[in-house]
Amino acid sequence: MGGLKLRRLASSLLSPVPASPGSAADAHNAVARATAHHPSTAPPSAHHMDALLAFGRGSRLSAAALAAAFVDRLRAAASGQGDAAVALKCLVALRVLLARGAFILRDQLLAALARHPASGRNPLALAAFPLGLGGRRSSSSSFAAASWVRFSARLLELVLLLPDAAPRAGASSDAEYLVALPNPHLVAELAAFVAVADAVRHAPPPPSSGPQPDALVWEAVRLAEEDRVAAERNIAARVQEMGERLDTLSLADAVELVCVLRRVEEGSAPPAPEWKWAGLDEGVVGAARRLRESAEGVVLRRTVEERRLVRRDAGGSASARVLVPARVAAAGDAARFVSTRWAGTVSAWR
């Protein structure tokens, strides 16, 4: 019995140490399996996606290892003649991980995929990805996949700029989130969602449905449509919220809002008659148009007020801002960042 225990101890000490779950080797292997070239027209399987999502349930190091593995895989796929199948599978998998992954995994992916502030390196800079690749894919299928690599990378860049809390919030929590936003932040978020909707509107045409449809490209099409629908929903919510606080806008915020709302109006129709992508809902566009007309009135009023203040200052008289008591000025500053539904509270302060 003692000899058996000694043999077991010796074998355990002499055997190679397996890589710990979530290590860099595990991450590279999981990414390689999920984004293998063959089959070139199939998206990552559910089994492989579950294995990738598991990295978000471990430590921060395991999540960072997976993010680094995706960056390395994307760079390798974009080098040389390029591998459209591998690159598109990476982008599809990343979009799913950002939507379904745990917070720790999303946080590491955001850090890895963002443009480096010092070096300028950007893993998603695939606008020059080679088109018309040969190989085992047909020329038309290869061109469609490469076109969607370029588009999906650009769309993912825009999705990374969206507020992380907005798509995941419910109806009531989303309303509370919007009410708490300062005016400049609300306008900036509206512009970010408009950019996503506009990008999808200019997406490449979906591939033709042949006897063997390209399931990988169609999965990218489905994810892009989900982003468009989510962007439209968030645009509608922010247009409604901005309508509640028009009177609190500064001149700069009102001008920026008008510019953003004009882009919403331009998104009401597809860019070409043969395009299959739908524009924004007419109800959303109509609400944006009415808000833009009201915001233009605010711009006019704020411009007149600014000119009056300049004339008073130029004439040597005291500025209206100086004559306002400090307590009222503080209340006015607070009122600038809240909806009109809180006007009663602000009046009570005064």
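Tabulated data
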| quantity | calculated |
| --- | --- |
| Some residue of segment 102-118 being among the basic types (Lys, Arg), open to solvent by 30 Å² or more (accessible area, probe 1.4 Å), modelled with pLDDT of 90 or more and within 17 Å of the chain's Cα centre (by Cα) | no |
| Among the residues listed as Arg121, Arg136, the single one being touching a Ser or Thr at 6+ places or on another chain (Cβ under 9 Å), at pLDDT below 95, of a type in the set (Lys, Arg) and surrounded by fewer than 19 Cβ atoms within 10 Å (Cβ to Cβ) | Arg136 |
| Residue count, segment 22-58 (criterion: touching a residue at least 40 places away in the same chain (Cβ under 8 Å), more than 24 Å from the chain's Cα centre (by Cα) and assigned to a loop (DSSP other than H, G, I, E, B)) | 7 |
| Residues located in segment 167-200, provided they are surrounded by 20 or more Cβ atoms within 10 Å (Cβ to Cβ), touching a Phe, Trp or Tyr at 6+ places or on another chain (Cβ under 7 Å) and either among the small types (Gly, Ala, Ser) or at pLDDT 95 or above (or both) | Asn183 |
| Filtered residues of segment 178-225 (kept if of a type in the set (Asp, Glu) and free of Cβ contacts under 8 Å to residues at least 40 places away in the same chain) | Glu225 |
| Segment 43-72, residues that are of a type in the set (Ser, Thr, Tyr) and surrounded by fewer than 17 Cβ atoms within 10 Å (Cβ to Cβ) | Ser45, Ser59 |
| Qualifying positions in segment 101-124 - farther than 17 Å from Ala51 by Cα and among the polar types (S, T, N, Q) | Ser119, Asn122 |
| One residue from Arg75, Arg95 being surrounded by fewer than 22 Cβ atoms within 10 Å (Cβ to Cβ), among the basic types (Lys, Arg), assigned to a helix (DSSP H, G or I) and touching a helix residue (DSSP H, G or I) at 6+ places or on another chain (Cβ under 6 Å) | Arg95 |
| Long-range neighbours under 7 Å by Cβ, at least six apart or interchain, first residue open to solvent by 40 Å² or more (accessible area, probe 1.4 Å) within segment 248-270, second among the aromatic types (Phe, Trp, Tyr) and at pLDDT below 95 | Pro270/Trp277 |
| Neighbours by Cβ (under 6 Å, 6+ apart or cross-chain): first from segment 60-86, more than 20 Å from Thr41 (Cα to Cα); second among the β-branched types (Val, Ile, Thr) and surrounded by fewer than 21 Cβ atoms within 10 Å (Cβ to Cβ) | Arg60/Ile104; Ala63/Ile104 |
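This table checks each residue for (1) assigned to a helix (DSSP H, G or I); (2) closer than 29 Å to Ala99 by Cβ; (3) modelled with pLDDT under 95; (4) of a type in the set (Ser, Thr, Tyr).
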residue	(1), (2), (3), (4)
Val229	yes, yes, yes, no
Arg238	yes, yes, no, no
Met242	yes, yes, no, no
Trp277	no, yes, yes, no
Ala287	yes, yes, no, no
Arg307	yes, no, yes, no
Ala331	yes, no, yes, no
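The values are calculated or read from the model by the stated rules, or taken from the named source; none is laboratory data. Quick caveat, the model's predicted, so the values are computed rather than measured. Using ideal geometry, Cβ is built from the backbone for each residue, glycine included, and neighbour counts are taken over all protein chains shown. Areas reflect the complete protein model, heavy atoms only, side chains present, ligands, DNA and RNA absent. Shrake-Rupley method; radii C 1.70, N 1.55, O 1.52, S 1.80 Å.
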